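First the structure, in the form of structure tokens, and then the observations on it.
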Protein chains: 2
Amino acid sequence: MQDGEAEDLALLFKALADPVRVKLLNLIATAGEACACDFPAAVGKSQPTTSHHLSLLVKAGLLHREQRGKWAWFWVDQDRLGALRAALD
Amino acid sequence: MQDGEAEDLALLFKALADPVRVKLLNLIATAGEACACDFPAAVGKSQPTTSHHLSLLVKAGLLHREQRGKWAWFWVDQDRLGALRAALD
DNA sequence: AATACATTTCGAACATCATCGATATGATCT
DNA sequence: AGATCATATCGATGATGTTCGAAATGTATT
């Protein structure tokens, strides 16, 4: 296994190495897509904190973000999630 | 999703949120089982550092450890790895 | 353009983590 | 028991991560 591959994988795992982010991904994955406005209540954290975790998930490529009017919507990048699954074999 | 479930999953992901631990798990998984004596050279870290990472993987339940004479041997807990795979669906 | 609301960025406090040298513990052999 | 080698623990340091209040930015509506 190459150094670079291990680092890329570690970055993906790190993106999910927090309960808040696990909950967020689960929420969005099961809903198909979801509005940022619901997250603070759903995960029990402040609005800036949830925004921070969302941006980490987007940066890791696990989520996509789109502005729709006043609200921001998120959905899961299935390919990227598939890369994680594939890595566990 | 329950709070406890998200925390357990986050702990599993956190266990792999470091390139050294990704390499170690990959090494051990592909070899079937492996001796701790080879790890410092394989991952390019000191002996205390690799020992630290191994203990984290064992604590997370992803590895098993057994003393065989002078050396310690490790192998992957497939059930625990399967739990990770299952979580990504 | 002015207001209102949603979201991100900033700044700082606090906690956790990675790393390694030094030391301690455990295991084998003579 | 003493010597030797493998591994774990300790102590410390520098880096990284989580959290939130406050302020800045973006978006729509009037």
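A few comments on the model shown:
- Whenever a residue of the range B:40-52 is touching a residue at least 12 places away in the same chain (Cβ under 8 Å), its partners that are within 12 Å of DNA strand D (Cβ to nearest atom) and part of a helix (DSSP H, G or I), lying with C-beta atoms within less than 7 angstrom and at least six residues away or across chains, give the pairs B:V43/B:L24; B:V43/B:T50; B:T50/B:F39; B:T50/B:P40.
- Which numbered condition A:R65 fails, given (1) touching a strand residue (DSSP E or B) at 6+ places or on another chain (Cβ under 6 Å); (2) of a type in the set (D, E, K, R); (3) at pLDDT below 95: (3)
- Candidates are the residues of the range A:53-89 that are acidic (D, E) and open to solvent by 40 Å² or more (accessible area, probe 1.4 Å); the one that is nearest to DNA strand D (Cβ to nearest atom) is A:E66.
- Qualifying positions in the range A:6-39 - touching a residue at least 12 places away in the same chain (Cβ under 8 Å) and of a type in the set (V, I, T): A:V20, A:I28
- Hits in the range B:56-89 (condition: charged (D, E, K, R) and in a loop (DSSP other than H, G, I, E, B)): B:K70, B:D77, B:D89
- Annotation: of all residues in the range A:28-38 being within 12 Å of DNA strand C (Cβ to nearest atom) and open to solvent by less than 20 Å² (accessible area, probe 1.4 Å), the one that is farthest from the other protein chains (Cβ to nearest Cβ) is A:C35.
Per-residue answers, yes or no, for (1) touching a helix residue (DSSP H, G or I) at 6+ places or on another chain (Cβ under 8 Å); (2) polar (S, T, N, Q):
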{"site": "A:R21", "(1), (2)": "yes, no"}
{"site": "A:C35", "(1), (2)": "no, no"}
{"site": "A:P40", "(1), (2)": "yes, no"}
{"site": "A:G44", "(1), (2)": "no, no"}
{"site": "A:T49", "(1), (2)": "yes, yes"}
{"site": "A:H64", "(1), (2)": "yes, no"}
{"site": "A:W73", "(1), (2)": "yes, no"}
{"site": "A:R80", "(1), (2)": "yes, no"}
{"site": "A:L84", "(1), (2)": "yes, no"}
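- Verdict on A:A41 being part of a helix (DSSP H, G or I) and open to solvent by 70 Å² or more (accessible area, probe 1.4 Å): yes
- Residue that is nearest to DNA strand D (Cβ to nearest atom) [pool: residues in the range B:1-27 that are under 14 Å from A:A6 (Cα atoms) and more than 7 Å from chain A (Cβ to nearest Cβ)]: B:L24
- Residue in the range A:10-27 that is surrounded by fewer than 16 Cβ atoms within 10 Å (Cβ to Cβ) and among the acidic types (D, E) present: no
- Count - residues of the range B:33-89 that are under 13 Å from the mean Cα position of the chain (by Cα) and of a type in the set (G, A, S): 6
The values are calculated or read from the model by the stated rules, or taken from the named source; none is laboratory data. In this text the structure is predicted, and so the values were computed from the model without any measurement. Cβ sites come from the backbone with ideal geometry, for glycine too, and all protein chains shown count toward neighbours. In case anyone asks, the SASA skips ligands and DNA or RNA and just uses the protein heavy atoms, side chains included. Shrake-Rupley method; radii C 1.70, N 1.55, O 1.52, S 1.80 Å.
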